[in-house]
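Presented below is the structure to which this report refers.
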Amino acid sequence: MIESLRASSAKRYLLFLLLFLLAMDLSILSDIPIFRQVLGFTFLTFVPGLFILIILRLNKLELTEKLVLSVGLSISFSMFAGLLINWVYPLFGYDTPLSTNPLLIFFSIIILILAVIAYLGNQEAPFAKLSDFKLNTKEKALLLLPSIFPLLGIFGMHLMNTTDNNAMLITLLILIPAYTIFIAIKHSQVPDRIYAPIILLSSVSLVLLLGLRSNHIIGADIHTEYYIFQQTFFNGRWQILSNSTLDSCLSISILPTIYQSFLNINSEYIFKILYPLLFSVSPLVIYLISRKYLGSFYAFLASLFFMSQGYFLGAAFSPRTVLAILFFALAICVLFHDGLGEFNKKVFFIIFTTSCIVSHYSTTYIFFIVLLLAWIGMQIVPRIVLCKGRLVDSSEKLVSESDPPTLSRGDGRLGGDVNASGAVSLSISQSRLKNEITIAIMVLFFVMLFLWYSQVTGAAFDSGVGFVSHTLRSLHEFFVLESRGGGVASALGAGLGTKGIHQKITFVFSWLTIVFIAIGVLTTLARYRRMVAFPIGKEEEASQFSSQRLDTEFFSLSLASSAVLVAAVALPFVFMGYGMDRAYCMMMVILSPFFVIGGITVAGSLRVRWRYLMVLVVLIPYFVCTTGIMYQVFGVHQVITLNSEGQSYDCMFIHEQETSAAIWVKKNANEETKIYSDFYGTARLVSQGLIHTTTSASYARRLIEEHKPLGDSYFYLRYTGVVDGMLLDWNGQWHGIEEYHDEFGKRNLIYTNNGSEIYR
């Protein structure tokens, strides 16, 4: 009877899938608004990963775990399926394999095949039961306020864009920490299943703010990334465009091309909205990682700490990096998930690692270094602990040379051998010391990295080799602070004395978070018998705030992550290009739980009754600082999401007049003549006019910094040049346009729209 019901349920799901595919195909082929976008997004973001989970019989995972895994697997599937199509279709005469019809046919067929395999091999309920979505009165009440967070963000940003009124946005950024405090106070009455939707609703509302700002993309590297996508989309195929490192990033070429082919929306919104939405599940991944060791409530605080990172809030700045960090987080999550099984762990880890490789080269290199350091740590740390005798069972005693011990290697704890002198040599029982990060995994990782970056694309591997070489050559600059990049210098307080009170407050709370993390890691190291699951000897009772001891390998990863951050500060040139903020956000995937552990440890030392209180004392002000509320309190117009003036706004906000001028110069300029602009002006030419910097668009360094004439060329004067009379140089310094009166005086104004001008 039960088997019959399961088969009937599976048939209904299969029928539903067929109807879904039919509706999606018709909406795409007929270009039906809204239906095409909703069905296409749902299909690409969830469906492939869902069927992979069903085929692998992972139905018993909880809904949150299924959600994050299905998103990660679906994105991976899209990239690799797109790459396969790109290579195979041309063999049969299709010159545009990434155009809509070939993609639609291929994806529909593949999903139908996966559905049939899932139906034949696993006829249990495939994804979720209706009971998973049923909420009692208390749960509905707790989710009432978070449910309006995304609406406040969307409508608040619309109000900001149209009227410069940021009141609704400030309300949102105050409500989120206020609600966190409320949950902390009532956490003993909060059901565990409520934390995940609160995290997701908060995450979506925060990560979309920057993406919704203006009608155009915002950032620096994103303009070139967008250009790569546009060329791939227009060509209908992926290829090496400029022999640059960006050619290796399928995350900004094949993936957005597939989404655009299915959705047919304003292409800039693929970068502005889609990538932040995909990255919004990353705090859920942090929650799942942390919950295993800290329990639901403290894992909730760890996820909020991750959401407070400036790089998370600025996810719309760098699509390829945030996608790679998401895959990094998913790889770490599956590695320590107890409900997957060893085979599924390895499969998922390889999938997400490979996805990281084809998403962003720098993030991949750091990922590999962290794993390598963790693997080395696993060969050393447990043995050091054992050699010191700290984890030997108190009932086990060393005997004299005349009565040597005989310890069975199969006892699950210690193995004993007697050497020539009669001394006992002890080794860790590999049967109980779980090794998820093996030498085979490391070799496979490096081989995939080498093949993709060196043999397929080329430039990214050369860049990695050059980075290592430059770092070694820069060791003589060990005591030169500037050799570590502006992010490191700022983090160490360079120029803090001349900055305002708001910057000093931000500096203090930023360092307090680092101190808490350091205390968390060092406390775990000092109290390893209670906090780390070394599988040897008699262990003490776990700490009161932890649900279980940390896996030995996870703790080794935390030490490796800490070492990477220390190296970023200590070694010259490290992260000069990658950026300290990106590296810090990436390491917080592993170290966020230790921020909570550190806060609890400090609370215990100060005899604070409510240990979570000390975590909130640092976390809430830190959130207020990174979101820009602290700047607003002191009347400083710093954050672009809350202001229509200030350095960030003047550099990155794209006005409609700038777009129109970039499009005009693309259509009317002589292709053989250079087009110059100030710094960030060239970014507008790249993304809005699709004029690449290697051919036509160039930063006018010769004019702006050296005060030398440019010769025969065009000059693109953007909004700040026309309205404010200011030009920006490479170092972020502004120059009055009157300084270049001679250069502009001899040029002809050939285009103007009261917000941008073109000179020849």
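Here the peptides 211-218, 281-288, 441-448 are ranked by packing, the mean other Cβ count within 10 Å, and the order with the highest first is 281-288, 211-218, 441-448.
Accessible surface area normalised per residue over region 112-230 is 44 Å², counting heavy atoms of protein chains with a 1.4 Å rolling probe. Contact order for region 1-102, expressed relative to its length and based on alpha carbon pairs under 8 Å spaced 6+ residues apart, stands at 18 percent.
Applying 1/(1 + (r/R0)^6) with r as the Cβ-Cβ distance of residue 501 and residue 179 and R0 = 30 angstrom yields a FRET efficiency of 0.65. The chymotrypsin sites (Phe, Trp or Tyr not before Pro) of region 586-637 that meet both conditions, a loop assignment by DSSP and at most 12 other Cβ atoms within 10 Å of the site Cβ, are 610, 634.
Name the shape class, rounded, prolate or oblate, that the alpha-carbon gyration tensor gives for region 587-638, where a ≥ b ≥ c are the square roots of its eigenvalues, rounded holds for a/c under 1.5, and otherwise prolate holds if a/b is larger than b/c and oblate otherwise. List each step's numbers first, then the result.
On the way: a/c = 4.51, a/b = 1.74, b/c = 2.58.
Oblate, since a/c reaches 1.5 and b/c is not below a/b.
Give me the number: length gained by fully extending residue 144 to residue 63, i.e. 0.36 nm times residue separation minus the C-alpha to C-alpha distance, one decimal in nm. All intermediate terms of the calculation are to be shown ahead of the outcome.
Working: separation 81, 0.36 × 81 = 29.16 nm, distance 2.00 nm.
Difference between extended and current length: 27.2 nm.
Rounded to the nearest whole Hz, the Karplus-based 3J(HN,Hα) values (6.51 cos²θ - 1.76 cosθ + 1.60, θ = phi - 60°) of region 137-149 follow the sequence 4, 4, 5, 5, 5, 5, 8, 4, 5, x, 5, 9, 4, with x at glycine and proline.
The value of relative contact order for region 69-207, using C-alpha pairs under 8 Å at least six residues apart, is 21 percent.
For region 15-148, what is the convex hull (Cα atoms) projected area averaged across all directions, in square nanometres? Before the final figure, lay out the partial values.
Numbers: hull surface 40.6 nm².
If I average the Cα hull's projected area over directions, I get 10.1 nm².
If a/c stays under 1.5 just call it rounded; otherwise compare a/b with b/c (prolate if a/b is bigger, oblate if not). Do that for region 632-715, with a ≥ b ≥ c from the square roots of the Cα gyration tensor eigenvalues. Mind dumping the intermediate values first?
On the way: a/c = 3.34, a/b = 1.75, b/c = 1.91.
Judged from the Cα gyration tensor, region 632-715 comes out oblate (a/c at least 1.5, b/c at or above a/b).
Placing pseudo-labels 7 Å out from each Cα toward the beta carbon at residue 724 and residue 32 gives an inter-label distance of 4.8 nm. Ligands, DNA and RNA left out, the 1.4 Å accessible surface of region 126-269 is 62% carbon and sulfur atoms. Expressed as a whole percent, the accessible area of region 660-711 that falls on carbon and sulfur atoms is 45 (1.4 Å probe). Explain nothing, just the number: relative contact order of region 189-301, from Cα pairs under 8 Å at least 6 residues apart, as a whole percent. Relative contact order for region 189-301 comes out at 37 percent. In terms of the Cα gyration tensor, with a ≥ b ≥ c the square roots of its eigenvalues, is region 668-710 rounded because a/c is under 1.5, prolate because a/b exceeds b/c, or oblate? Verdict is oblate for region 668-710. Projecting label points 7 angstrom from Cα along Cα→Cβ for residue 380 and residue 706 puts them 4.8 nm apart. Taking all protein chains together, 752, 601 sort by accessible area into 752, 601, largest first [probe 1.4 Å]. Backbone geometry of region 314-324 corresponds, through the Karplus equation with coefficients 6.51, -1.76 and 1.60 at θ = phi - 60°, to 3J(HN,Hα) couplings of x, 4, 5, 6, 9, x, 5, 6, 5, 5, 5 Hz, x marking Gly and Pro. From most to least packed by mean Cβ count within 10 Å, the peptides 34-47, 361-374 give 361-374, 34-47. The GluC sites (Glu not before Pro) of region 577-666 that DSSP puts in a loop, and whose beta carbon has at most 13 other beta carbons within 10 Å, are 645. Taking K and R as +1 and D and E as -1, what net charge do the other residues with C-beta under 13 Å from the C-beta of residue 717 add up to? Summing Lys and Arg as +1 and Asp and Glu as -1 gives -1. Over all Cα atoms in region 311-367, the spread is summed up by Rg and Dmax: 12.1, 37 Å. PRE reach from residue 338 (point 7 Å along Cα→Cβ): which of region 33-75 fall under 15 Å by backbone N? From region 33-75, the list is 61-62.
The values are calculated or read from the model by the stated rules, or taken from the named source; none is laboratory data. Predicted model, so just to flag it, every value in this text is computed and none were measured. Counting neighbours? That spans all protein chains shown, and the Cβs are built from the backbone with ideal geometry, glycine included. Remember, those area values only see protein heavy atoms, side chains included, never the ligands or the DNA or RNA. Shrake-Rupley method; radii C 1.70, N 1.55, O 1.52, S 1.80 Å.
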